[in-house]
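The values are calculated or read from the model by the stated rules, or taken from the named source; none is laboratory data. Just so you know, these numbers come straight off a predicted model, no measurement behind them. Methodologically, a virtual Cβ is constructed for each residue, glycine included, from the backbone with ideal geometry; neighbour enumeration extends over all protein chains shown. Just so you know, the surface numbers come from the protein's heavy atoms only, side chains and all, with ligands and any DNA or RNA stripped out. Shrake-Rupley method; radii C 1.70, N 1.55, O 1.52, S 1.80 Å.
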Amino acid sequence: VSRVIPVETFDLVIFGGTGDLARRKILPGLYRRYVAGQIPEGSRIIGAARAELDDAGFRAFVAEAIEEFVPAKARDAEAVARFLEHLHYVSVDAKGTTGWKELGKLIRKDVVQAFYFSVAPSLFGDLAERLHGNKIATPDSRIVVEKPFGRDLESARALNATLAEHFAESQIYRIDHYLGKETVQNLMAVRFANILFEPLWNARHVDHVQITVAETVGVGGRGAYYDRSGAMRDMVQNHMMQLLCLIAMEAPYQFDPDAVRDEKLKVIRALEPVTPEDIVRGQYRASKDTASYPADAENPNSTTESFIALKVEVANWRWKGTPFYLRTGKRLRARASEIAIVFKEVPHSIFGDEEGWRENVLSIRLQPNEGMTLSVMIKEPGPGGMRLTEVPLDMSFAEALGEDGADIPDAYERLIMDVIRGNQTLFMRGDEVEAAWAWTDPIIAGWEAKGDKPKGYDAFSSGPEDALMLLHRDARRWREIA
Ligand code: NAD
């Protein structure tokens, strides 16, 4: 059973507190942390957004969000009522003067102060400026910024520069919620708290790595936003890059925010530029029941990719010769995210050409069924002679953590608590984000220069045929999306 260590008393302001992300993730997550006993009674959560609400109105909004997004068995009317007493609301205009004086009066200077920017990135600069101009922020306050962090190197640099005018890097928490996932952190524990894996964790023993983030949903609803972004910007530059870094990085000298982030940055800097032959872009077609990507995006001539597969090489001593294959897309066969470390063949098979033989694979599943399995070869049980069979060594930690993993905090819950603790390990540093864009930009510029058109793929398939070829031509194959 997990231990819960309460954080310090805090005032957390959620700019965009009436928005979709606040409703679905941030506020229900805070409720769960409250019920878990992690939020001290003196703490306050202050919604700040454009809507004209009072405390009662905001509390009603949050009560509904909890009703909708917290499973019934984790809800308790009395606990909800107590939680709501910690909530306040101020109507604020990020671009104007409304509300700032009230907010300034409400915020206490003698507790941890955090400001969550859950608004459009175009408002980040305004918020930073006004927090400062109205003397609300202190040198100890923290700001949390949501994705997307820029859409290319230039805009990311500009955003970093704007935030840096008012806040030190040690105050800025750039969210990548993938880093808050239990499994992703376990990846570090498995690598660096065991002697078993690290000696094999290199190009001598790892044949290749596959990272898949597959979704079944289309872009309907947020099609207009997505159409300006595409899979490369929306998933690869941030989330998949972070996963790649955690797999590829050297051991940090200690589990310290900058030590970890220094090692991740070195990986990003070591990435080879990707040539067009090593990339497949795709766009989903209509199915019997679902619309095509261009229809969902309301842009009939869209050339934005809803799928991408690419072969990435990390040019350093550890990884030279071991490709990382990345693949992500919408409207794929299943909702499944997995990192697979595929090990090499044994140097010599004493069993002859054994049909049952398979490579060892360490599979790290992010969803569904978070957990890890290591496939190992054993003798098929019984008297049938020496036949090999593959069995999974199951390291699911949902069970280890209590019944059906219900105690595992959602990524947002954990990350918000880390902000209050002042721990930046699981947040992206400004230079990391810029380095990732510096690698991404030329790839996107290449498509734009030649007017690249994505390949069509059937809805609920594994993506375009060409993506299969990307591995076939290297005599490898993708793992099933299941
Ligand atoms: P939303 O449009 O649902 O909500 C926007 C919020 O901003 C509202 O509360 C609105 O009142 C407030 N707002 C708008 N203009 C304002 C102004 N001038 N002054 C003060 N407040 C203002 O947006 P969202 O989906 O909640 O997204 C918020 C942020 O989170 C965005 O940066 C988005 O990219 C990011 N994000 C959202 C999701 C998601 O699932 N919704 C996922 C990842 C990242």
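Structure notes:
- Restricting the stretch 368-397 to residues that are among the small types (Gly, Ala, Ser) and in a strand (DSSP E or B), the residue that is modelled with the lowest pLDDT: Gly371
- Remark: pairs (first residue in the stretch 286-301, without any contact (Cβ under 8 Å) to a residue 40 or more places away in the chain and within 18 Å of Gly329 (Cα to Cα); second residue crowded, with 18+ Cβ neighbours inside 10 Å and among the acidic types (Asp, Glu); Cβ separation under 9 Å; 6+ apart in sequence or on different chains) = Pro294/Asp227.
- The helices (runs of 4 or more DSSP H) falling completely within the stretch 1-88 that include 1 or more residues that are closer than 19 Å to Glu102 by Cβ, free of Cβ contacts under 8 Å to residues at least 60 places away in the same chain and away from the ligand (no atom under 16 Å from the Cβ) map to 55-69.
- Listing of strands (runs of 3 or more DSSP E) fully contained in the stretch 91-180 that carry 1 or more residues being out of contact with any helix residue (DSSP H, G or I) (no Cβ under 7 Å at 6 or more places or on another chain) and either within 14 Å of the ligand (Cβ to nearest atom) or open to solvent by less than 40 Å² (accessible area, probe 1.4 Å) (or both): 112-117
- Here Ala63, Ala56, Ala72 are screened, and the one residue that is of a type outside the set (S, T, N, Q), open to solvent by 20 Å² or more (accessible area, probe 1.4 Å) and modelled with pLDDT under 95 is Ala72.
- Condition check for Glu432: closer than 16 Å to Asn238 by Cα and open to solvent by less than 30 Å² (accessible area, probe 1.4 Å): yes
- Qualifying residue in the stretch 401-411 (condition: closer than 19 Å to Met188 by Cα, modelled with pLDDT under 95, assigned to a helix (DSSP H, G or I) and open to solvent by 40 Å² or more (accessible area, probe 1.4 Å)): no
- The residues of the stretch 202-248 that are more than 22 Å from Ala436 (Cβ to Cβ), of a type in the set (A, V, I, L, M, F, W, C) and either crowded, with 22+ Cβ neighbours inside 10 Å or over 18 Å from the mean Cα position of the chain (by Cα) (or both), listed by number, are Ala203, Val206, Val219, Ala224.
- Restricting attention to the stretch 195-219, the residues being farther than 21 Å from Leu243 by Cα and within 14 Å of the ligand (Cβ to nearest atom) number 2.
- Pairing residues of the stretch 431-445 that are of a type outside the set (Val, Ile, Thr) with residues that are open to solvent by 10 Å² or more (accessible area, probe 1.4 Å) and not in a helix (DSSP H, G or I), at Cβ distances under 7 Å and at least 6 apart in sequence or on separate chains, gives Trp437/Gly150; Trp437/Asp152; Trp439/Leu271; Asp441/Asp152; Pro442/Pro273.
- Take the conditions (1) open to solvent by 40 Å² or more (accessible area, probe 1.4 Å); (2) among the small types (Gly, Ala, Ser); (3) out of contact with any Phe, Trp or Tyr (no Cβ under 7 Å at 6 or more places or on another chain); Ala251 misses just one of them, which is (3).
- For the stretch 353-384, the set of residues classified as small (Gly, Ala, Ser) and open to solvent by 40 Å² or more (accessible area, probe 1.4 Å) consists of Gly382, Gly384, listed by residue number.
- Boolean, Arg365 is in contact (Cβ under 8 Å) with a residue 60 or more places away in the chain, outside any loop (DSSP other than H, G, I, E, B) and of a type in the set (Lys, Arg): yes
- Scanning the stretch 426-482 for residues that are part of a loop (DSSP other than H, G, I, E, B) and within 14 Å of Asp278 (Cβ to Cβ) yields Asp452, Arg473, Asp474, Arg476.
- Positions within the stretch 291-347 being closer than 26 Å to Leu366 by Cβ, charged (D, E, K, R) and outside any strand (DSSP E or B), in sequence order: Asp296, Glu305, Glu313, Arg318, Lys330, Arg331, Arg333, Arg335, Lys344
- Arg331 being crowded, with 21+ Cβ neighbours inside 10 Å and either closer than 26 Å to Glu215 by Cα or polar (S, T, N, Q) (or both): yes
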